[in-house]
Amino acid sequence: MSYLSISGVTKSFGSNLVVQGFDLEVERGEFVSLLGPSGCGKTTMLRIVAGFESPSAGRVVMSGEDVTNLTPNKRRVGMVFQSYALFPNMSVFENVAFGLKIAGIPRPELERRVAELLEMVGLSALKDRYSYQLSGGQQQRVALARALAPRPRVLLLDEPLSALDAQIRVSLRTEMRQIQRELGITTLFVTHDQEEALSMSDRVVVMNGGRVEQVDVPHRIYQAPATRFVAGFVGALNLFEAKVINAAKGTVALSGVEIALGRKVPHKAGEAITLALRPEALRHGGLEDCDVVLPAILSDVEFLGSVLRLRASAGGATVMIDSFSTAGTAPPVPGSATTIGFRASDLLVLDPVPAQAG
Amino acid sequence: MAASYFLVPLYATFQFSLQMQRGQWSFEAYRVVLGDQRFLNTISYSALASLAAIIVGALIVVPTAYWVRLKLPRLRPVIEFVTLLPLIIPPIVLVFGYIRMYGSSSLLPLTVSDAGTNLLMVMGYVVLSLPYMYRAVDNGMAVINIATLTEAAESLGASRLRTVLSVIFPNLRSAIISGAFLTFSISFGEFVLASLLNRDAFGPYLVLIGQDRAYEPAALASMTFALTWGCMVLMQLYANRKPGQRLLPRLFARIKGKSQS
Ligand SMILES: Nc1ncnc2c1ncn2[C@@H]1O[C@H](COP(=O)(O)OP(=O)(O)O)[C@@H](O)[C@H]1O
Ligand SMILES: [Mg+2]
């Protein structure tokens, strides 16, 4: 059995079903993200693991112990909140020592442990400060040290970086991941930011409307999204409507052109099907290995430094193209005619839009 | 301009209180007042009653406000309205209600004994100061995000009691002290309740003196005013104090510096 096991968890507030049939197995030392839009039930799921909410149905098991009916203070989980939640009446040292004091750790060992953790988050020099004397990033480091101090079984992070400004957000995420690896602590991380989830996690759980849409390693989430929702939520997409010609052979008609996808499609012949392409799978220039080539007119050119983002109209649709900008070459001008192309194997086949709303 | 409406009579009162001895400034009126045994009795009685009202009020308000914020956030507007009622209902209505409810012919005849009547008056003060105490404590809780702090403490292994004692209470101390000073300034000179319940409190004494003396009331008024302001200043100092700071940081620093040199 895995280290943290969540099975069949459902939670409703009154008539509002917030989490439905949530299953997840997390291995010891693994870093797993819950990713999804705001209101999809991520925080609720995390709070169920922490013990702040009790599930309407289902179980939570940690290191073989069923904790479903255990109060939060008996679970040995560490929690980090978006709002830091440092104790304002305590210094940095006292904050980190709080959990150790409760656990009855003797003073010399407690001091050693606090010093070790403050060293780890790089705040040894600030141990006598109070929360109002710290920046957001520093407060969140203290909160992390405080959560880790009593050696919890599982570390729970609820959007810990969302309140920070962009630069610190990126540097702290690298740092948090390093500390997590060093300690080998099993971690559940909640975020609505796909970049955060993809860059930090061993595995990502994509949630929508209280349900799990896909659980997979980051590159699979991006490259092989299991559902239309995942494809659309993680990364940008160009969508194309096509018709199935032969489902078994995987041939489809895209604006009159027959394309071989090279794999079976789960549809019947003649059915409408949605295909998707990541912006970086579309090319302009250097089209030698492309199976599909179309004439296009550039409508917009955005120069983003290392990346060039183009918009072009081709076959009646507007598509987005990302490419690396090449040194010594000026970006193309809007309005110019060009040729774009892609490889048929890069096309994602999305599940059909459900016929009835709901 | 606006301040002069307030300051001129105040200054006049103070000046008048110094003129008891013809043709010279003196604190004679103050000496007379402070030498009056009744003054000392009523002032200590009222101080005691106010203190009791503060303790009872805090013991009722803090757990209530905490519980409502933590478990019944939807009930907050209702509770808030209830705590505002004492501002809407005049104290005179309150006290007649009390006398009817707890009078000699009632089920719980509190007014027949001295202790019972004292208790009734203290409870009345608790009710009168409820809007202020509740607001002070509730605002204090709003500032520190009580729910998340409670969860943070619990996830670190703390029991509910431990959380209240080592996290919630210390962070509410300045809010409770603000509420306490407000309660004190309301109940210390209170007249209606005290006089209708026939207590020997400071409020009725003040009125009595006002009726048959000239200079002493002015002296009393000046002292009461100074006391109220003292309360306000202390309240501000406490309310703005940050953790890890002394109450009067510069003063303490200076004393420390002197003792070391
Ligand atoms: N204590 C609660 N009472 C009632 N509804 C709640 C409560 N907590 C969360 N919800 C509802 O549950 C849904 C999911 O919330 P949440 O788990 O916070 O989402 P997320 O963290 O993904 O943004 C929201 O619609 C929210 O309004
Ligand atoms: Mg959330």
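Computed quantities for the displayed model
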item: Residue in the stretch A:9-18 that is without any contact (Cβ under 8 Å) to a residue 40 or more places away in the chain, under 17 Å from residue A:162 (Cα atoms) and not in a strand (DSSP E or B) present; result: no
item: Qualifying residue in the stretch A:123-143 (condition: under 17 Å from residue B:157 (Cα atoms) and within 12 Å of another protein chain (Cβ to nearest Cβ)); result: yes
item: Residues within the stretch A:211-238 that are of a type in the set (A, V, I, L, M, F, W, C) and in a helix (DSSP H, G or I), tallied; result: 5
item: Yes/no for residue A:316 being under 19 Å from residue A:259 (Cβ atoms) and touching a Lys or Arg at 6+ places or on another chain (Cβ under 9 Å); result: no
item: Test: residue in the stretch B:131-149 that is surrounded by fewer than 22 Cβ atoms within 10 Å (Cβ to Cβ), small (Gly, Ala, Ser) and within 9 Å of another protein chain (Cβ to nearest Cβ); result: no
item: Counted residues, the stretch A:13-26 - those being away from ligand 2 (no atom under 16 Å from the Cβ) and either among the charged types (D, E, K, R) or surrounded by fewer than 15 Cβ atoms within 10 Å (Cβ to Cβ) (or both); result: 5
item: Filter result for residue B:167 (out of contact with any Ser or Thr (no Cβ under 6 Å at 6 or more places or on another chain), under 30 Å from residue B:237 (Cα atoms) and touching a residue at least 24 places away in the same chain (Cβ under 8 Å)); result: no
item: Members of the stretch A:87-121 that are buried (at least 22 other Cβ atoms within 10 Å of the Cβ), facing another protein chain (nearest Cβ under 8 Å) and under 22 Å from residue A:162 (Cβ atoms); result: A:87
item: Out of A:263, A:228, sole residue that is surrounded by 18 or more Cβ atoms within 10 Å (Cβ to Cβ) and of a type in the set (D, E, K, R); result: A:228
item: Matching entry among A:191, A:187 (being surrounded by 15 or more Cβ atoms within 10 Å (Cβ to Cβ), within 16 Å of ligand 2 (Cβ to nearest atom), in contact (Cβ under 8 Å) with a residue 12 or more places away in the chain and β-branched (Val, Ile, Thr)); result: A:191
item: Every residue from the stretch B:150-167 that is facing chain A (nearest Cβ under 9 Å) and hydrophobic (A, V, I, L, M, F, W, C); result: B:152, B:153, B:156, B:158, B:167
item: Subset of the stretch A:59-116 that is farther than 17 Å from residue A:140 by Cβ and among the polar types (S, T, N, Q) - its residue that is farthest from the chain's Cα centre (by Cα); result: A:89
item: One residue from A:36, A:58, A:29, A:51 being surrounded by fewer than 17 Cβ atoms within 10 Å (Cβ to Cβ) and either more than 7 Å from chain B (Cβ to nearest Cβ) or within 13 Å of ligand 1 (Cβ to nearest atom) (or both); result: A:29
item: Qualifying residues in the stretch A:61-86 (those that are free of Cβ contacts under 8 Å to residues at least 60 places away in the same chain and facing chain B (nearest Cβ under 9 Å)) - the one farthest from ligand 1 (Cβ to nearest atom); result: A:74
item: Subset of the stretch B:150-162 [in a helix (DSSP H, G or I) and surrounded by fewer than 22 Cβ atoms within 10 Å (Cβ to Cβ)]; result: B:151, B:160, B:161, B:162
item: Test for residue A:156: is it of a type in the set (A, V, I, L, M, F, W, C), in contact with a strand residue (DSSP E or B) (Cβ under 7 Å, 6 or more places away or on another chain), within 14 Å of chain B (Cβ to nearest Cβ) and within 16 Å of ligand 1 (Cβ to nearest atom); result: yes
item: Residue A:301 within 30 Å of residue A:334 (Cβ to Cβ) and either part of a strand (DSSP E or B) or at pLDDT 90 or above (or both); result: yes
item: Residues that are among the charged types (D, E, K, R) and within 6 Å of ligand 1 (Cβ to nearest atom), drawn from the stretch A:39-48; result: A:42
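Listed here are the residues, each with its yes/no results for (1) surrounded by fewer than 16 Cβ atoms within 10 Å (Cβ to Cβ); (2) free of Cβ contacts under 8 Å to residues at least 60 places away in the same chain; (3) part of a helix (DSSP H, G or I).
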position	(1), (2), (3)
B:7	yes, yes, yes
B:10	yes, no, yes
B:15	yes, yes, yes
B:23	yes, yes, no
B:26	yes, yes, no
B:30	no, no, yes
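A quick yes/no check of all residues on (1) crowded, with 18+ Cβ neighbours inside 10 Å; (2) closer than 21 Å to residue A:222 by Cβ; (3) out of contact with any strand residue (DSSP E or B) (no Cβ under 7 Å at 6 or more places or on another chain); (4) modelled with pLDDT of 90 or more:
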| residue | (1), (2), (3), (4) |
| --- | --- |
| A:254 | yes, no, no, no |
| A:270 | no, no, no, no |
| A:293 | no, no, no, no |
| A:314 | yes, no, no, no |
| A:331 | no, no, no, no |
| A:344 | yes, yes, no, no |
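The values are calculated or read from the model by the stated rules, or taken from the named source; none is laboratory data. This one's a predicted model, so the numbers in the text were calculated from it and none came from an experiment. Methodologically, a virtual Cβ is constructed for each residue, glycine included, from the backbone with ideal geometry; neighbour enumeration extends over all protein chains shown.
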